[in-house]
Amino acid sequence: MDFESYDVLVVGGGLAGIRAAIAAVDANPRLKIAMVSKVYPMRSHTVSAEGGAAAALRPEDSYENHAFDTIKGADYLADQDVVEAFVREAPIEVIQMEHWGCPWSRDPDGKISARPFGGMTTWRTCFAADKTGFHMLHTVFQTSLKYSQIHRHDEAFATKLLVEDSRCVGVVAIDMRSGRVQAITAKSVILATGGLGRVYAFTTNGNICTGDGMALAYRAGVGLKDMEMVQFHPTGLPFTGILITEAVRGEGGYLLNKDGERFLKRYIPNKMELGPRDIISRAMVTEFEAGRGFEGPHGKYMHLDVRHLGEDKIDAKLPFMRELGREFVGIDIVKDPIPVRPVMHYMMGGVDADISGATPIAGLYAAGECANVGLNGGNRLGSNSLSECLVFGAAAGRAAAERASSVGPVGANPVTALLADETRRIRSSFLDKKGGEERIGTIREEMQHDMDAGAGVFRTREGLEKLTRQLGALRDRFEKIKIEDSSRTFNTELTAALELDFMLEVSETIAYSALAREESRGAHARRDFPERDDAKWLKHTLAFRTDRAEPRLEYADVRITNFKPQARTY
Ligand SMILES: Cc1cc2nc3c(=O)[nH]c(=O)nc-3n(C[C@H](O)[C@H](O)[C@H](O)COP(=O)(O)OP(=O)(O)OC[C@H]3O[C@@H](n4cnc5c(N)ncnc54)[C@H](O)[C@@H]3O)c2cc1C
């Protein structure tokens, strides 16, 4: 049987994954690290992050302010000890990136620049023009190349976690170039597989954001935490869903309805365009419903106007936005307003993990967008995520290294049998399956449209119940899919089927978790329960997989330290 052994295995080559791999080697240079990624690492979704990374670096800022903004932004569903640790580590990580060569934009005195971002009381979003993710990912990727201890498995698709006696000992992965199904074992495994935006039709997320790691952990018995908390970003381009970064508003852009009015004055008068994403997205949908949006071929939209900023500022701070306007809308944002509408953007929920990334399964860690360490609660503040990938990627790397330095090697015994089982499953459920008539693309599109309709910016019991039925029916139809491509090399039909399988699973956790939470908090806005209800619902949802369609839901306390929940007004 075919398997390679390592000390630490990182699944994911995005910002969290690479940061974790570097931290693991730094913690113990004798360790052998594997990094598995279904795409070449530089194609991970991190590359498309635009706006910046938050860190309290400036004298006028403080850890306390950053913590308070994050906790209030989260609508008090964040674990406050985690937030307090995060805000202290974030500046250290941003400076570490500086030392590794990240080309941060700078003030005239040479200091790292900051820009204002939604829901923040002060300027703390560090940036590299409006291609921050690209530069950060390049920085960690190139840094990782100097470590001979990090062995890359690019274009390898993880299909299953190897778990034996409640201990995670690796993954099964398909090497996409050869089609070979192999076991990659390790004493510690870190999931850093990113988000799941593609379960929605209208999303900013890249095609590869299909929730794989969340589904892998869920199948292995780990709870998925707060999956009802899905972030909608106010400013996506209609049709493509391409993101227009919050930095556009940070730099002074206005949101206007069809009457040319800065309508946010009715909803969030003290913050206006610098309000948090959940509140602005709801304000936009409310305006649409009142007939004050523009009507276009791809639905209703608003204008995001930067014309008053002037060409020089736009070219210096938002050059990529000008390029996007030109390429994807056919406008020059120096002269024309940008059409925008709310778009699914980010997943606050994810694999239940503690402050060091440890999950309840021994040897299994999670970091980055696929994890929920308790930082983002009901609503993530823009620019906290890139910093989260650094801080908690590094923490998971260190914790995984520590474990790998002390436990014994993984034996061949369980692995051989588990690999044989998984190879059989891939053959019988997908490659050698006969007689199916359902198409993967059709099921995927229906799922995405059902998710948009049932679990969008506003939710109701009726809509969510309908969604659970729709997802159940799609799951039944998925059993009858047909795969026409039997080739071994880059069989993207097979990986699309595996991804759809993961997506159907995580969608169900979103729908059932949202149906159960009978209140409105952060991004979870129930029309039938419009108020936040701390007495009943100041708690995390945990969804566990069962043999039935429905997950089992459990609840866990939110850890409160210094910030008592108050009304969330801006
Ligand atoms: C358009 C856009 C702009 C954004 N802008 C900002 C911003 O300005 N500031 C901010 O803080 N946040 C921003 N975000 C959010 C932030 O970029 C992401 O949350 C973060 O980059 C996620 O990083 P990650 O390392 O967790 O995952 P990703 O970068 O998504 O990487 C996931 C990795 O997992 C691998 N993988 C997944 N499944 C498998 C599998 N089955 N087998 C093997 N490998 C697998 C992939 O190949 C990839 O390498 C933005 C997000 C988007 C979509």
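Amide H neighbours of G194 under 5 Å, counting only residues 5+ apart in sequence or on other chains, H built in-plane at 1.01 Å?
E369, C370
Give me the net charge of G291's neighbourhood, meaning all other residues with Cβ under 14 Å from the Cβ of G291; Lys, Arg count +1, Asp, Glu -1.
Neighbour charge sum, excluding G291 itself: -2.
Tell me the Kirkwood radius of region 439-570: reciprocal of the mean inverse pair distance over distinct alpha-carbon atoms, in Å.
16.7 Å
Give me the dipole magnitude in Debye, nearest 20, for region 235-342 about the Cα centre, with unit charges on the beta carbon: positive for Lys and Arg, negative for Asp and Glu.
340 debye
What is the angle, in °, between the Cα long axis of helix 440-454 and the longest principal axis of the Cα atoms in the chain? Nearest 10 is fine, range 0 to 90.
Roughly 40 degrees between the two axes.
Could you give the angle, 0 to 90 degrees to the nearest 10, between helix 80-99's Cα long axis and the longest principal axis of the Cα atoms of the chain?
90 degrees
Compute the normalised compactness of region 362-489: alpha-carbon radius of gyration over 2.2 N^0.38 Å, N being the residue count.
Here the answer is 1.49, to two decimals.
For the chain, what does the equivalent ellipsoid look like in terms of its semi-axes, each the square root of 5 times an eigenvalue of the Cα gyration tensor, given largest first in whole Å?
Square roots of five times the eigenvalues give 35, 28, 23 Å.
Below 8 Å, C-alpha to C-alpha, sequence gap of six or more: please give me the relative contact order for region 235-342 in percent.
34 percent
Can you compute log10 of I(q)/I(0) for region 196-352 with the Debye formula, treating each Cα as one identical point scatterer, at q = 0.21 Å⁻¹?
Cα-only, vacuum Debye calculation for region 196-352: -1.33.
From the Cα trace of region 415-460, what convex hull volume per residue do you get, rounded to a whole Å³?
In region 415-460, the Cα hull volume divided by residue count equals 125 Å³.
Tell me, what ³J(HN,Hα) does each residue in region 410-416 have, in order and in whole Hz, if you take phi through Karplus 6.51 cos²θ - 1.76 cosθ + 1.60 with θ = phi - 60° and put x for Gly and Pro?
Here the 3J(HN,Hα) series is 7, x, 6, 4, x, 4, 4 Hz.
Distance between Cα centroids, region 56-112 to region 191-226: provide it in whole Å.
Result: 26 Å between the Cα centres.
In sequence order, what are the phi-derived ³J(HN,Hα) couplings for region 306-318 according to the Karplus relation 6.51 cos²θ - 1.76 cosθ + 1.60 with θ = phi - 60°, rounded to whole Hz, with x for glycine and proline?
So the J values, rounded to whole Hz, are 10, 4, 6, 6, x, 4, 4, 5, 4, 5, 7, 9, 9.
May I ask you to list the residues of region 86-128 whose amide nitrogen lies under 17 Å from a point 7 Å from Cα along the Cα→beta-carbon direction of Q566?
From region 86-128, the list is 119-122.
Hey, what angle do you get for helix 492-516 against the long axis of the chain, alpha-carbon based, 0 to 90 degrees rounded to 10?
60 degrees
Quick check for you: which residues of region 251-274 have the amide N under 15 Å from the point 7 Å beyond the Cα of R307 toward its beta carbon?
The answer is 253-262, whose backbone nitrogens lie closer than 15 Å to the label point.
What whole number of Å gives the distance from the Cα centroid of region 278-343 to the Cα centroid of region 421-458?
About 34 Å separates the Cα centre of region 421-458 from the one of region 278-343.
Just list whichever of K225/K271; K72/K317; K258/K536 have alpha carbons separated by over 32 Å in the model shown.
K258/K536
Can you list the residues, at least 5 places off or on another chain, whose amide H is less than 5 Å from the amide H of R526, using H built in the peptide plane?
Close amide H contacts, sequence-distant or interchain: R459, S520, R521.
Cα convex hull of region 79-142: how many Å³ per residue?
109 Å³
What does DSSP give for the chain in terms of the percent of beta bridges that are antiparallel, rounded to the nearest 5?
65 percent
Non-local amide H neighbours of I242 (under 5 Å, H modeled in plane, Pro and chain starts lacking H): which ones?
L237
Would you list which lysines come within 19 Å of K187, measuring only between C-alpha atoms, while excluding same-chain residues fewer than 8 positions from it?
Within reach: K32, K160.
Run the helix sum for the chain: -39,500 (n - 2.57) per DSSP H stretch of 4+ residues, divided by residue count, reported at 222 nm to the nearest 500 deg cm²/dmol.
Calculated at 222 nm, the ellipticity per residue is -11000 deg cm²/dmol.
Quantify how much of the Cα-Cα distance distribution of region 112-254 extends past 21 Å, in percent.
61 percent
Region 459-480 to region 156-175: how many Å between their Cα centroids?
Measuring centre to centre over Cα atoms gives 29 Å.
Towards the positive end of the charge dipole of region 235-342, with charges on Cβ (+1 Lys, Arg; -1 Asp, Glu), say which of V329, T240, L255 has the farthest Cα.
Towards the positive end, the residue furthest out is L255.
Every number in this text was worked out from the coordinates using simple rules, so none of it is lab data. Everything numeric in this text was worked out from a predicted model, so none of it was measured. As a convention, Cβ positions derive from the backbone with ideal geometry for all residues, glycine included, and neighbour counts pool all protein chains shown.
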